[in-house]
Amino acid sequence: MNILSIRIIEGPNVYSYHPVVRVKLDIGKYEDIPTSAIAGFTERLTNLLPGLAEHQCSRGYPGGFLERLAEGTYLAHVFEHVTLELQCASGYEVSFGKARGSGSPGVYDVVISYRNKGAVMQAIYQAEQLLEAILNERPMNIKAAIAAIKQAGDENELGPSTAAIYRAAKEKGIPVMRVADENLLVLGYGHRQKRIWATTTSLTGALATDLACDKGLTNKILTDGCIPVPYGIVVDSAAQAIEALQEIGKSVAVKPLTGNQGKGVTLEISTAAQVERAFQVAREYDEKVIIEQFIKGRQYRFCVVNGRVEAVAERIPAYVVGDGKQTVNELVQVVNSDPNRGVGHEKPLTRITIDAIAITVLAKQNSTPASIPEAGEIVYIRENANLSTGGTAVDVTDIVHPDNKRLIERATRLIGLDVAGVDVVAQDITQPIREGTGAVIEINAAPGIRMHHYPSAGKARNVAGAIINSLFPDDSEGRIPLIAITGTNGKTTVTRMISHIWQAAGHKVGMTTTEGIYIDGCCVCEGDTTGPASARTVLTDPAVEVAVLETARGGIVRAGLAFDKCDVGIVTNITEDHLGQDGIEDLDGLARVKSLIIETVRPGGFAILNADDQYVTALASRARGEIVYFSIEPDNIIIRRHLGIGGKAFFVRDNIIYAAKGREAQAIAAVNDIPITFGGIALHNLQNAIIATAACYCMQIPVSSIHRGLSTFAENPGRLTVLPVRDFRVCIDYGHNPAGYQALVNTAKRMGASRLVGVIAAPGDRRDDVVINVGRIAGRGFDHIYVKEDDDLRGRKPGEVPQLLYRGVLEAGLTSDRIQTVLPEKEAVRTALLNAHAGDLIVVFYEKYSDVFQTIQQYCQQCQDSNTEAGGVSTVQSGALCIPGINAG
C-alpha cells in the first residue's frame, strides 16, 4: 500500500459541500484480493477499532460496513473507513467518505471528510500504518495513534477566542477564510471584508493599541480623565525600583512596562529585597518596569466591545487544594490533567506552570513545590489571576453596578480601543468604585475572550457574537456581488463582458480569466487563473466591489470552489472537451461537475442556464436560487414554457436582445449596437452578449448601463480578434475543442472571404477521437490548412497531435495539396501570412496569443519597410499595428 498524493479541498467541491481530503492510494498487490480472502483481517481490524461496528456504509444502518468486510470489500474502501474512524476516535466526528477507481490498476481516489486539517493528515498516516500492521501481522499501538492525531489536531486548531469568533461569523452567514493556519481570519469579501487576528480587528487602531501596551501612558491618560488608577512610577534600574517603593510607601506591584498576560508580574511586595527580585523578573520582558501601588480586592476582567461592556468575569489566581498526601507539584499535575487545560491559548484553560514567580508566591505562603498541603488547604500558585497563567474565571456580569460599567466604558473610550479587556480590582463590584475601594489596573488590547465563553462558573457570554456584530452591524454578511461563470465555451468572453458592464456602471471589479487576474482593470497576475486560488486573490482584495469569476472544470475537480455562495451562477454550454480526464468520460459527467456553480447559488440569487443546450437544461433540478434561461432562438420551447409560468428569460428577436418575465418583455440592446457580434453573424458572441445581459439585469444594473457596456465592449483579445493586414484579414481565436472550432468556422463563413485559411492545433490532453474530430471540422470549413503543434505537448509525443489532426482533415475531404504541416506556432502563422491571397481570411487557433500577435505585427512592419524602400505607399491598413486591448491580454 502506498499513498501517492494528498490534496486538501476546503470549499464546496464535486464530492461534498463541506471540506474533504482526496487521497490517491495505490493498494498494489491487493488490487484483486478482497478482505474476505485475508485470514483474520476483519477480526484484527475490529479489535483495534471497535467503533467501525457503527459505520453504516452503503447499507444505511449500523453494522453495514462490517457486513461488507465479511462479504469481501477492497482495501481502498477499508482505508476510507479507518481514516474516518480514527478521526472520530480522536474527537472529530465525521462520516462522509468515498473510494473510487482512478482508471489505473490498483490506484484509487479516496475522498474523506474532515473537521481539522492537522488531525486528518495525521489520521491518513496512521490509517496507512494500521493497515500495514494488520496485513503484516505486526502490533499496532492504537492509543498512541489516536494521541498523535489529537496532538496534530490541537496544533492546527484555532485558539478558543478565534474559534468563537469563527463560529459567530458562520452563524451570521459571513464567509470566513483562515490565513496560513494562523489565528488570522478574513471575514467577508472584497471591500466589505474585515480582518481579525485573535481579537484585534480591522477597526483596532495602532495608536490605541500602543497606548494600551504602555502602562505608564495609560495610567497618565486615565488619571487625567478622573478614572481611579493606582499611582505608579516607571523605572529602569533596581535602585530606582527601591526608591519608587519608598516613595509610594505601601505594598506595590511590579510589572514590565509593556507586558501582557501577567508575564513578569509580581504583586503585593513591600521590602527592598522583594522589589529588587521582582524588578529582575519583570526586566526579562521589558527594559522599563513600572512600580505601582498595590490595590487590595478581588480581580475582575471587563470586556468592552464597541464602547459597551459585554461581559465581566471575576478572575481567580491559579491554585491547588491539598489532600494531605500529594505535594504541590503533584497537585498541579492533577489539575493540569483536565482536558480543558492546554498550552498557551489552545484550550479554554491554561496549564499551571511552576516557575520562578510561582516559587516566590509559594514562599510567601511558607510553602515550596515539594510541600504537602493539608487536606482542604488552598495553596495559590500565582497572585495575578490571568487565565494565561492558569487562573480560572466566574461570570459576574449581572451583579456589576451600572456605575462601574459606565466608568469602564468611559476609560476604554479614553484609550480608543474597539475591543478591550479592562482589569479592575475592587472590594465589592456590586457597589460603585471610588478612590480607595477599587481601581482600573490595566486596559488591554486584543483581550482573550475564552474566560467569558467558558467560565468555570456562571453564565457564558457571547462576546464573539458582539465583536462580529460590531464589525458587521444589522444584517450585513460582508458579501459583495459574486458572479461565477462555467461551461465549455464562451466563459472568458462572458466574464470580460460582465466585468466591463459593471465597470461602465461605476464599480471596481475583480475578475479571473484564462488570461489573468484583473483588479479594477489592471492585470495583477498573468496566466490561466480560473481556479480557487485565483478567486481567493480577488475575494480578499479590499478594493474589489464586484467579483466576476471564470471557473474552469479543472479547478472545480481538483480544488473545489473558493467561495461558499454566489449571487449568480452561469452555465454557458456543455460540449465535448476534457473527456477522459479526472474520471469524466461523457457529457453527463462533465455537466455534473459544472453544476456545482449553480448548486452554490444563494437564496435570492440566480442560476442562468442555456435553454439551447440539452445538457444544461437537464441541470435545472440541481440549481438553487431563481432559474433564468437564455437562448439565441426567439421561439425556444423551454423559454416559452418558462415564461408561461411567470419565469424570467433572455433571448433575441428581430435583432434585439430582450429581458422577459411572464408576458412582459423589455428591449435591452440592438444586436447591431454590440461590436463583438459583428452585426449578428458571430452567433456564439451574440449568445455571450445575451448571457452577460442576463447576469447584469438580474443584479439590477440599470438598462442604460447594460446597453452602454455592451456597445463599448470592443477589447476582447484572443477571442474573435480580427486584424486587417495588407489586402487580407487575420482572425485570432482561442477555439480549442470541436464546438469552439465549429462556432468559429460558422462565423468565418459569414464574414465574406475569397478563401478561408485555417492555422490549427489541438491540446495534447484531449482524447484521440476528439482531436480527430477537430481536424474533420477544420477540413470541412477551410479551403487551406496549416497544421501546427502546441509547445506544451501535455503528455503527447512530438508530432502525435498534428498527425491526428491531419488524419481528421483528410477524412473531411480536403486534399493533401491543401494541407501543410508547420509545427512551430510562429513559423506556421508566418507561413500562412507569406502565402496569403488577396481577400483571404486567415483564422489562427492560438496557443500563445502574444506570440501570434507579435508574428503578425512583425510581418506588417516588414511590409511597410518594403513599401517605403520601394518608394511606394504602404498598403498595411491603419490599426493593423495597434490592436485595441492587446496590452490587457
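The values are calculated or read from the model by the stated rules, or taken from the named source; none is laboratory data. None of these values were measured; they are calculated from a predicted model. With ideal geometry, Cβ positions are generated from the backbone for all residues, glycine too; neighbour counts draw on all protein chains shown. Only protein heavy atoms, including side chains, enter the accessible area calculation; ligands, DNA and RNA are left aside. Shrake-Rupley method; radii C 1.70, N 1.55, O 1.52, S 1.80 Å.
Over all alpha-carbon pairs of region 1-49, lay out the pair-distance distribution in 5 Å bins, whole %, shortest bin first. Going out from 0 Å in 5 Å bins, region 1-49 shows 5, 16, 14, 15, 18, 16, 12, 3, 0 percent.
Rounded to the nearest whole Hz, the Karplus-based 3J(HN,Hα) values (6.51 cos²θ - 1.76 cosθ + 1.60, θ = phi - 60°) of region 709-724 follow the sequence x, 5, 6, 9, 7, 10, 9, 9, x, x, 10, 6, 7, 9, 10, x, with x at glycine and proline. Note on region 657-774: Cα-Cα pairs beyond 17 Å make up 62% of the total pair count. Magnitude of the charge dipole for region 614-737, about its Cα centre and with charges confined to Cβ atoms of Lys, Arg (+1) and Asp, Glu (-1), is about 340 debye. Based on C-alpha pairs under 8 angstrom that are at least 6 apart in sequence, region 266-339 has a relative contact order of 16 percent. Work out, in µm²/s and without decimals, the Stokes-Einstein translational diffusion coefficient of region 774-852 at 37 °C, 0.692 mPa s, Rh from Kirkwood over C-alpha pairs. Taking Rh from Cα pairs, D becomes 253 µm²/s. Of all aspartates and glutamates in the structure, the ones whose alpha carbon falls short of 16 Å from that of residue 797, not counting any fewer than 8 places away in one chain, are 765, 768, 789.
DSSP beta bridges fully contained in the chain are about 65 percent antiparallel.
Seen against the Cα atoms of the chain and their longest principal axis, helix 238-248 is set at about 60 degrees. Legend: distances between Cα atoms for 29/98; 508/661; 98/143; 491/661; pairs beyond 23 Å are 508/661; 98/143; 491/661. With respect to the chain, whose longest principal axis is taken over its alpha-carbon atoms, helix 738-750 is tilted by about 50°.
Shown for region 668-779: the carbon plus sulfur share of the solvent-accessible area, taken with all protein chains present and a 1.4 angstrom probe, equals 50%.
Distance from the C-alpha centroid of region 228-283 to that of region 522-546: 52 Å, rounded to the whole angstrom. Within straight-line reach of residue 405, meaning a Cα separation under 13 Å, sit the following aspartates and glutamates at least 8 residues removed in sequence or on another chain: 310, 423.
If you roll a 1.4 angstrom probe over the protein chains with everything in place, what fraction of the accessible area of region 1-101 belongs to carbon and sulfur, to the nearest %? On region 1-101, the fraction of accessible area on carbon and sulfur atoms equals 49 percent.
What is the percent carbon and sulfur in the accessible area of region 391-453, measuring with a 1.4 Å probe over the protein chains and ignoring ligands? That fraction is 48 percent.
For residue 342, the residues whose modelled amide H falls within less than 5 Å of its own, excluding neighbours fewer than 5 places apart on the same chain, are 347, 349, 350, 351. Sort region 11-102 into rounded, prolate or oblate with this rule: let a ≥ b ≥ c be the square roots of the eigenvalues of the Cα gyration tensor; rounded if a/c is under 1.5, and if a/c is not under 1.5, prolate when a/b is larger than b/c, oblate otherwise. It is oblate, given that a/c is not under 1.5 and a/b is not larger than b/c. When you filter the GluC sites (Glu not before Pro) in region 404-448 for DSSP loop state and at most 16 other Cβ atoms inside 10 Å of their Cβ, you are left with 435. If you sort the three axes of the alpha carbon gyration tensor as a ≥ b ≥ c, you get a/c of 1.5 or more for region 530-666 and a/b no higher than b/c, which makes it oblate.
With a cap of 16 neighbouring Cβ atoms within 10 Å, and only residues DSSP puts in a loop, list the GluC sites (Glu not before Pro) found in region 160-243.
The qualifying sites are 182.
Reducing region 588-604 and region 96-122 to their Cα centroids gives an inter-centroid distance of 22 Å. Applied to region 590-607, the Karplus parametrisation 6.51 cos²θ - 1.76 cosθ + 1.60 on θ = phi - 60° returns per-residue 3J(HN,Hα) values of 5, 5, 4, 5, 6, 5, 4, 4, 7, 6, 9, 5, 6, x, x, x, 9, 9 Hz, with x for Gly and Pro.
Within the same chain, lysines fewer than 8 places from residue 288 are excluded, and of the rest, those with a Cα less than 18 Å from its Cα are 215, 220, 255, 263. Rg over Rh for region 32-163 works out to 0.98, using Cα positions for both radii and the Kirkwood form for Rh.
What stretch of the chain, leaving out the sites themselves, is the longest with no trypsin sites (Lys or Arg not before Pro) in a DSSP loop having at most 13 other Cβ atoms within 10 Å? Longest site-free region, per DSSP loop and neighbour criteria: 1-249. Explain nothing, just the number: relative contact order of the chain, from Cα pairs under 8 Å at least 6 residues apart, as a whole percent. Computed value for the chain: 8 percent relative contact order.
Against the main long axis of the alpha-carbon atoms of the chain, helix 768-781 sits at an angle near 40°. If you sort the three axes of the alpha carbon gyration tensor as a ≥ b ≥ c, you get a/c of 1.5 or more for the chain and a/b above b/c, which makes it prolate. Convex hull volume of the Cα atoms of region 453-498, normalised per residue: 127 Å³.
Return the ratio Rg/(2.2 N^0.38 Å) for region 603-656, where Rg is computed over Cα atoms only.
Against the compact-globule rule of thumb, the ratio is 1.09.
In summary, the convex hull built on the alpha carbon positions of region 205-271 has an orientation-averaged projected area of 5.2 nm². Heavy-atom accessible surface of the chain, averaged per residue, reaches 41 Å², computed with a 1.4 Å probe.
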